[in-house]
Amino acid sequence: MKKTLSSLAAFALIGAAPMLSAHAAPTGPKAATCPTPVPEAARCYTGEDGTGALYWIAIPKDWNRGVLVMHAHGGPETGAPNLARSAEDLKRWAVTVKAGYAWAGSTYRRGGYGVTMSAEDTERLRQIFVRHFGQPRRTLLHGQSYGGGVAAKAAELYAPAGGAKSPYDGLLLTSGVIGGGNNNYDFRLDLRVVYQYVCRNHPRSDEPQYPLWMGLPMDSKLTRADLVERVKACTGVGMPAAQRTPEQAMRLKTILSVVKIQERSLLGHLTWATWLFQDLVQKRLGGHNPFGNIGVRYSGSADDAALNAGVLRYAADPQAKGALAADSQPTGRTSLPTVGLHAIDDPTAFVELENAYRRIRDAAGTGGNLVQSFSAEHEHSYLSDSEYPALFAALLDWIDKGEKPTPEGLAQRCKALMPRYDTDGKNGCHIQPAWQSPTLESRVPSRAP
């Protein structure tokens, strides 16, 4: 019998896991050797939170219950939780500990999609930290990439606008995937249908056909290496441009122009649109489709009329859309002062998502507590060493002194910190105070309501 999604909306995406009050007793924290480049004088710990999530904690020398940064990591990972993943996060954000802040990051209790679940796991780890190391003077939420959506959700759950006193004091969103699951991933359905129209090898004609919104059938034997070879055969991605055939070059140009992505991110986005969609649709939404492209008009090819007539079209299931939105869509209703940083040329999380989040916060009446900044950088996973301490310090001054930051002030603060954090002279400070994000609709075609 066909399941309805009304019962799935609240629990499917978080895995129907126990709520905060019903989890088993956690283990740890146990002392561990801090990974390089965390400062040698820091103390590090690992543990398990009682629901399956693993974590790392790093406390700098002479911390004295100062500032704790709760880190929500990107992804989501589709494999089982492992400490190595959290260690990589700690190594990447070692600058947080260098700046004198304690750091704590959860792997989340399982792999796969689940924004609300991940927000709960982040809060659970905060509680573990306080039990073992005491109440910090200030606690900040830092969300990176997919973790930006997680941190935004946690801010709304545990620091709602007009609510009781929150355990969190401020929110930092970097390279954030913060439009909600529907806005975040609609373009990846566009990529699947445009890629299939152009290349016709994912799936191939001699393989079982399936609706592309499901990502991949659960019994498929396709591997990531197989997908790499298919993309290479069709577009020449993975070989020098001079070695591509004219047909490969034209196919690649069509895909990139229509979907408005960069060559270096094509394979990554297509991989997410395969295995993350498989997880999201089939494991979390009971096989129901949250993505649609009925009425979407694609442009940028040599023959847009043929393209629009030929691409596969799908209607989204309203209940699936609602379930995904219930789990991941920001409401903007949080009391936390919020600072954001996003690379203008981010190849993974479109910078236009910042405009979508700005509109959400403005509509909720909390836009006055949001300061966004943009950098002239070309990466997603990590930006300049001096930029993060600048944003943390500015956020703390806003909380402690009432001094709301400005993009100009963030740029100046960042430049002042360069001698301390950019010792190799490679990173620098790249904040562009006057730059504003275009609308998401300027890059991703609007969907029917």
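The values are calculated or read from the model by the stated rules, or taken from the named source; none is laboratory data. Given the structure is predicted, the values throughout are model-derived calculations rather than measurements. Reconstructed Cβ throughout: ideal geometry from the backbone, glycine too, with neighbour counts over all protein chains shown.
Out of all the residues in the stretch 51-77, which are farther than 27 Å from Thr338 by Cβ and either buried (at least 17 other Cβ atoms within 10 Å of the Cβ) or not assigned by TED's automatic domain parsing to the domain that holds Lys91 (or both)?
Thr51, Gly52, Leu54
Determine whether Gly100 is surrounded by fewer than 22 Cβ atoms within 10 Å (Cβ to Cβ), touching a helix residue (DSSP H, G or I) at 6+ places or on another chain (Cβ under 8 Å) and not in a helix (DSSP H, G or I).
Answer is no for this residue.
Taking the stretch 187-230 as the search range and keeping residues that are in contact with a Lys or Arg (Cβ under 6 Å, 6 or more places away or on another chain) and part of a helix (DSSP H, G or I), which one is nearest to Thr338 (Cα to Cα)?
Top of the filtered list is Leu212.
So if I check each of Ser257, Ser166, which one is surrounded by 15 or more Cβ atoms within 10 Å (Cβ to Cβ), in a loop (DSSP other than H, G, I, E, B) and among the hydroxyl-bearing types (Ser, Thr, Tyr)?
Ser166
Being of a type in the set (Lys, Arg) and surrounded by 24 or more Cβ atoms within 10 Å (Cβ to Cβ) narrows it down to one of Arg124, Arg109, Arg138, so name that one.
Arg109
In the stretch 306-322, is there at least one residue being among the polar types (S, T, N, Q) and part of a loop (DSSP other than H, G, I, E, B)?
no
Quick one: in the stretch 397-438, which of the residues that are of a type in the set (S, T, N, Q) and surrounded by 13 or more Cβ atoms within 10 Å (Cβ to Cβ) is nearest to the chain's Cα centre (by Cα)?
Among residues in the stretch 397-438 that are of a type in the set (S, T, N, Q) and surrounded by 13 or more Cβ atoms within 10 Å (Cβ to Cβ), the one nearest to the chain's Cα centre (by Cα) is Ser437.
Report the residue count in the stretch 335-370 for those that are outside any loop (DSSP other than H, G, I, E, B), in contact (Cβ under 8 Å) with a residue 12 or more places away in the chain and within 19 Å of the chain's Cα centre (by Cα).
The number of residues fulfilling the criteria is 15.
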